[in-house]
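Beneath this line is the structure, given in structure tokens, with notes to follow.
The values are calculated or read from the model by the stated rules, or taken from the named source; none is laboratory data. Fair warning: this is a prediction, and the values are worked out from it, not measured in the lab. Don't worry about glycine lacking a Cβ; one is built from the backbone with ideal geometry, like all the others, and counts go over all protein chains shown.
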Amino acid sequence: SQQGEEDPQALSIQEGENATMNCSYKTSINNLQWYRQNSGRGLVHLILIRSNEREKHSGRLRVTLDTSKKSSSLLITASRAADTASYFCATEETSGSRLTFGEGTQLTVNP
Amino acid sequence: DTAVSQTPKYLVTQMGNDKSIKCEQNLGHDTMYWYKQDSKKFLKIMFSYNNKELIINETVPNRFSPKSPDKAHLNLHINSLELGDSAVYFCASSQIIWGNYGYTFGSGTRLTVV
């Protein structure tokens, strides 16, 4: 069954605003990762947070992980039109050597 | 210098045909994967190989056969194509099979079966 669920499915904001996307998962994990997919392109790895970490930053990205609630959030600050893309969370489970992806959030940043 | 390259980028073919998609990575990674993305953008793993050895074979029809001649290449052959096989197929690689590394994805092969 699908591991992750993302919320919201779609998000539309104005340039300069912050965007927050949430991800929930069901099983124990080694790590949780976020990927971006521009229309018609492959997925690009953004950030990885390990199961023993609670927060991680990379540039305008901030990721939190709450293993007790089995949830994560991705915050993009000061959004730009170029941030328009689909964002996926993915979990590497402790039981298997694979990434299982959530359903994705379509982010639209309006100039 | 493309890290993970897939060919072809687009593939349109008739039902019943056999086709192959090739994937190569120049990152020196040990592990390679095939993922399928459907029209709703749902990504599902199909296969993974670690150093040419099959590690994961999800519930995929046996019409799909991966082949890894060496750890830099993972090809996907599909026999007797069906309409439901239409999707975008992504190849990916990671440094090692377990461990906290991100995946590097190819740009995808859009397969359309008519």
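Couple of notes before you dig in:
- Among the conditions (1) under 18 Å from residue A:101 (Cα atoms); (2) touching a Ser or Thr at 6+ places or on another chain (Cβ under 9 Å); (3) without any contact (Cβ under 8 Å) to a residue 60 or more places away in the chain, residue B:59 misses just one, which is (2).
- Options B:76, B:54, B:81; residue that is in a strand (DSSP E or B) and either at pLDDT 95 or above or touching a Leu at 6+ places or on another chain (Cβ under 9 Å) (or both): B:76
- Any hit, segment A:66-79, residues being among the polar types (S, T, N, Q), surrounded by fewer than 15 Cβ atoms within 10 Å (Cβ to Cβ) and closer than 17 Å to residue A:109 by Cβ: yes
- Candidates in segment A:80-94 are the residues that are over 13 Å from the mean Cα position of the chain (by Cα) and within 11 Å of chain B (Cβ to nearest Cβ); of these, the one that is surrounded by the most Cβ atoms within 10 Å (Cβ to Cβ) is A:92.
Every residue, every condition in (1) closer than 18 Å to residue B:4 by Cβ; (2) among the polar types (S, T, N, Q); (3) in contact with an Asp or Glu (Cβ under 8 Å, 6 or more places away or on another chain), yes or no:
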| position | (1), (2), (3) |
| --- | --- |
| B:41 | no, no, yes |
| B:51 | yes, yes, yes |
| B:54 | no, no, no |
| B:61 | no, no, no |
| B:64 | no, no, no |
| B:69 | yes, no, no |
| B:72 | yes, no, yes |
| B:79 | no, yes, yes |
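- Taking segment A:1-101 and the strands (runs of 3 or more DSSP E) fully enclosed by it, the elements with 1 or more residues that are farther than 22 Å from residue B:90 by Cβ are at A:5-7, A:10-14, A:19-24, A:43-50, A:55-58, A:61-66, A:71-76.
- Condition check for residue B:78 on (1) within 14 Å of chain A (Cβ to nearest Cβ); (2) under 26 Å from residue A:103 (Cβ atoms): one failure, at (1).
- A search for C-beta distances below 6 Å between a residue of segment B:1-18 that is closer than 12 Å to residue B:88 by Cβ and any residue that is assigned to a loop (DSSP other than H, G, I, E, B), counting only pairs 6+ apart in sequence or on different chains, returns B:6/B:106.
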